[in-house]
């Protein structure tokens, strides 16, 4: 068992151990930032937030079973040992980097402007047919979530699949220094965080910072359907995936079975085999070849990969299908950018029913924001969306773009209340409804409204 102790944590972080002398070598297993998540032996991270000070919950954490706390200030009433450091965030990253170095197992890093969470889940599903793996849970893909994930590593794990999300230049460098991926998967260079990164070349530059932290024997698994990634040289072995014929591993002969499954062939120079993913969305076929590449590199057979794919399930807010009350609700409201919205519209357009898209603002698109919202509206019209409902200041441009391209029926709402009140009158039995917007729009509020509808 690879363990940390309060003494080791103090040495790694340059912090000061405070507590009984006999407690400095107690094993620490895993780390959490919320005292409600504490398990026996955890390290509790005291984080000073804008509204809540995690230091106030240290004793709650100890009572729940925490072995030690990481703090930025004296805990005068602490009932257990803690390490005081200058910055708990900087320190947990140092701890995560150290702890990852104790494991000699394949680490797969995943990034991209679109599809990284889906790719993570598909890769994990494939690998779990044979291996015990650790994967990123929920949205823990930033400078805090990544080290917390790494600290969940255990000797039982045979591989790890780590999602790595960034907002600005230098973020990937911080994450890669901790993760040190052996295989690095890149799904797409798109318009996410274009406000900070400037343009698509900036997005590429920011995300490829990871390659400086990989060994020469590392492997880059890149989406060859993406022009920038196809032309990028990572200075190491590169394997491409996607739908286009020039890719090393590709998906072809796609058949979608409504909301129940996606079927396709995986083709490479070693031949082809047929697979099925029991989930909704044609976009899955473009990401599955990446999972095949990773799984083959880790020694899985095609039959094992096929079996693993059958266990795939989407996570909440990512093309999750909810069938209720005679309608099909597609919950894709976790986040949105032009690439992901267009992919979602493409998937719903394959359904042989009346299609409703409820779309909101896409944030952080910089000077091209208005143009991109208009283009999404035009794309919705050309995708065969039967009814478009839009809410948000920028979403008015989606609405106008849809109308300008001959969209059949559209409504724009000044606020969320208006939208919620009008939804029941827009929905009919057997409709498929897509809900998608940037996270700050809080479109998840619409899900219970739609789910509770009684339609004839």
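Go through region 253-262 and give me each residue that's exposed (fewer than 15 other Cβ atoms within 10 Å of the Cβ) and either assigned to a strand (DSSP E or B) or touching a helix residue (DSSP H, G or I) at 6+ places or on another chain (Cβ under 8 Å) (or both).
253, 255, 257
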For residues that are surrounded by fewer than 15 Cβ atoms within 10 Å (Cβ to Cβ) and part of a helix (DSSP H, G or I), scanning just region 412-438, find the one that is farthest from the chain's Cα centre (by Cα). 425
Hey, does region 103-115 have a residue that's without any contact (Cβ under 8 Å) to a residue 60 or more places away in the chain and touching a strand residue (DSSP E or B) at 6+ places or on another chain (Cβ under 8 Å)? yes
Of the residues in region 86-98 that are crowded, with 23+ Cβ neighbours inside 10 Å and touching a helix residue (DSSP H, G or I) at 6+ places or on another chain (Cβ under 6 Å), the one that is nearest to residue 179 (Cα to Cα) is 96
Residues that are at positive phi and in the same structural domain as residue 180 (by TED's automatic domain parsing): which helices (runs of 4 or more DSSP H) entirely in region 1-103 hold 1 or more of them? none
If I go through region 384-411 residue by residue, how many of them are under 26 Å from the mean Cα position of the chain (by Cα) and at positive phi? 1
Which listed residue is touching a strand residue (DSSP E or B) at 6+ places or on another chain (Cβ under 6 Å), closer than 20 Å to residue 113 by Cα and buried (at least 23 other Cβ atoms within 10 Å of the Cβ), from 338, 289: 289
If I ask for residues that are closer than 19 Å to residue 163 by Cα and assigned to a helix (DSSP H, G or I), which ones from region 285-305 would you list? 286, 287, 288, 289, 290, 291, 292, 293, 294, 295, 297
Counting only residues that are farther than 16 Å from residue 15 by Cβ and crowded, with 16+ Cβ neighbours inside 10 Å, how many does region 61-78 have? 4
Condition (residue is outside the structural domain of residue 28 (by TED's automatic domain parsing), without any contact (Cβ under 8 Å) to a residue 12 or more places away in the chain and under 24 Å from the mean Cα position of the chain (by Cα)) applied to region 118-136: is it met by at least one residue? no
Are any residues in region 265-281 under 24 Å from the mean Cα position of the chain (by Cα) and surrounded by fewer than 19 Cβ atoms within 10 Å (Cβ to Cβ), and if so, which ones? 276, 278
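Would region 276-283 turn up any residue that is in a strand (DSSP E or B) and modelled with pLDDT of 95 or more? Outline the logic, then answer.
Taking region 276-283 and keeping what is in a strand (DSSP E or B), we get 276-277.
Narrowing the set further to residues that are modelled with pLDDT of 95 or more leaves 276-277.
Checked region 276-283: at least one residue is in a strand (DSSP E or B) and modelled with pLDDT of 95 or more.
The values are calculated or read from the model by the stated rules, or taken from the named source; none is laboratory data. What you see is a predicted model; the values in this text were computed from it and never measured. So basically every Cβ, Gly included, is an ideal-geometry build from the backbone, and we count neighbours across all protein chains shown.
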